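Novice: Submitted below is the structure of interest, expressed as structure tokens.
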Amino acid sequence: MFRVKEFAWINILKPNFKILPIKDRLLCGIGALLGLSLSSFMSWLALGHLNAWYIAPMGASSVLLFAIPASPLAQPWNMVVGNSIAALIGVTCALWIPNQTEAFSIAVALAIVLMMSTDSLHPPSGAVAITAVLGGKAVQDLGYAFLFYPVLLNSVLLMVVAILYNRLLGKQYPQPPQLNTRTADPTPTQKVSIQPADIQQVLEAQSQLLDISEYDLQKIILEAQHLANRRSISQFCCADIMSAQVISLCADEPIQTALDKFKQINLMSLPVVAKVEGAEHLVGTLALYDVVEWFKRAADPKATWEEHVYQIMNPQVVTVKPQQPIQDLVPYFVERSFNYIPVVDDKKLVGMISRADMIAALNQQIYQMQKTT
């Protein structure tokens, strides 16, 4: 009987890759099924008279778009531009190089160079270049039209399905640029920790491409550092620092009344509650700028007249639980410039934490750390 250690060398061959839960794996497979089915059906409707209405490399593209949509290689630019470049090079090589082996070898090599030069590297595009050379009579008859159909048509259709499906699952696709929108400076957390320039300097020293964006890499490092910092200090929980006496708005009260409250307490936003079985459940937030926008709409005779708070409030609210550590709130106050965060227990509004509450608590933690050193 072989011992497990004798097979330990196999781990060298395996990727250091996270295995998703079975639910997420099934969702990735379902996404590929829907993407390929819908895009191929629409291609068939558009190009049913052609034998080459769909190409096999789209199967490889679906692996990227639905299984790892956060990969830089799976972004729409890479999908569309990479496949288009490969198709153009492949058709050109097929027309001018008689030997097929030489034709598809040169086509793939040139496609790689051009894709890397245009920041549109997409691995399945290598198969697109080969298909342009070895696709048979149906592809050869198309000539340069092969670039537009089926390649560009397939790519755009599959990309659209991927965007809709991933967003339906709550995934960001395509990946938005993650920048400090206020200034060109690093974000407040980055200033006292790892900065984008640090990541760029390390990556520039690498001689190979990494299948992860600079921002994602930076985000992972910062979150790991945040967890490490939490272990090194005593923690307050949200219930320790929250204000239990909360000024709120009722969902069905008039907007004019809400404006009066804003004038009295000089706050930029207030939580909105609704009575459910005698308890005040948090249902949204109303910011002062929402009221200003309401005034602008009210001046337009064509606009519908809105009278109650629930008609203009924001129902999407970031909340925390009473026993949650306050370190979880730092990214919202620092990176996203929140002024207040509601504390909710079983949908009931039980308190509010302000930026001042956080500063006082963190200052106390710093003081305690200095006493112990």
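Each value in this text was obtained by applying a stated rule to the coordinates, not by laboratory testing. Since the structure is predicted, the reported quantities are computational estimates derived from the model, not experimental observations. Backbone-built Cβ (ideal geometry, glycine too); neighbour counts: all protein chains shown.
Novice: Evaluate E = 1/(1 + (r/R0)^6) for TYR144 and ASP198, where r is the Cβ-Cβ distance and R0 equals 41 Å; express this FRET efficiency to the nearest 0.05.
Specialist: My answer for the efficiency is 0.35.
Novice: Let me ask something additional. Size of the dipole of the chain about the Cα centre, Lys and Arg at +1 and Asp and Glu at -1 on the beta carbon, nothing else charged, in debye to 20?
Specialist: Details: 26 positive and 28 negative charges, 132 e Å.
With Lys and Arg at +1 and Asp and Glu at -1, about 640 debye.
Novice: Separate question: Which one of SER207, LEU362, HIS308 is farthest out on the positive end of the charge dipole of the chain, using unit charges on Cβ (Lys, Arg +1; Asp, Glu -1) and the Cα centre as origin?
Specialist: The listed residue farthest towards the positive side: SER207.
Novice: Also: Placing +1 on the Cβ of each Lys and Arg and -1 on the Cβ of each Asp and Glu in the range 22-168, which of LEU33, LEU114, ALA60 has its Cα farthest towards the positive end of the resulting dipole?
Specialist: Going by the Cα projections, it comes out as LEU33.
Novice: Oh, and also: For MET242, what is the net charge nearby, where nearby means another residue's Cβ is under 14 Å from its Cβ and Lys, Arg count +1, Asp, Glu -1?
Specialist: -1
Novice: Now for a different question. Listing SER61, SER84 from the residue with the fewest other Cβ atoms within 10 Å to the one with the most, what is the order? Don't jump to the answer; show the numbers that get you there.
Specialist: On the way: SER61 31, SER84 20.
The order, fewest Cβ neighbours first, is SER84, SER61.
Novice: Run the simple label-point estimate for LYS263 and ILE247 please: 7 Å along Cα→C-beta, distance reported in nm.
Specialist: So the label points at LYS263 and ILE247 sit 1.4 nm apart.
Novice: Can you match semi-axes √(5λ) of the Cα gyration tensor in Å to one of these, (1) 51, 30, 20; (2) 46, 29, 16; (3) 34, 23, 19, based on a calculation from the structure here?
Specialist: After the calculation, the listed value that fits is (1).
Novice: Still on this model: For the pairs LYS23/LYS321; LYS23/LYS219; LYS261/LYS321; LYS261/LYS347; LYS23/LYS275, note any where the Cα-Cα span goes beyond 29 Å.
Specialist: Those over the limit are LYS23/LYS275.
Novice: Let me have the relative contact order for the range 22-168, percent, based on Cα pairs under 8 Å that are six or more residues apart.
Specialist: So the answer I get is 34 percent.
Novice: Over the range 22-168, with a single point scatterer placed on each C-alpha, what log10 of the ratio I(q)/I(0) does the Debye formula yield at q = 0.11, 0.15 1/Å?
Specialist: These q points yield log10 I(q)/I(0) values of -0.39, -0.70.
Novice: A follow-up question, please. In the range 200-286, what percentage of the DSSP-assigned beta bridges are antiparallel, given to the nearest 5?
Specialist: 80
Novice: Quick check on the chain: helices-only [θ] at 222 nm, where DSSP H runs of length 4 and up contribute -39,500 (n - 2.57) each and the sum goes over total residues. Nearest 500, please.
Specialist: Numbers: 16 runs with 185 residues, N = 373.
My calculation for the chain gives -15000 deg cm²/dmol from helical runs alone.
Novice: Now for a separate question. Any number yet on Rg/Rh for the range 238-372, C-alpha, Kirkwood?
Specialist: Value, to two decimals: 1.05.
Novice: For CYS28, CYS250, what's the fewest-to-most ordering of other Cβ within 10 Å of each Cβ?
Specialist: So the ranking, lowest neighbour count to highest, is CYS250, CYS28.
Novice: Label GLN235 and GLN323 with points 7 Å out from Cα along Cα→Cβ: what is the distance between them in nm?
Specialist: 1.1
Novice: Using the count of nearby Cβ atoms within 10 Å as a rough guide to exposure, how do ILE112, ILE353 rank from fewest to most?
Specialist: If I rank by nearby Cβ atoms, fewest first, I get ILE112, ILE353.
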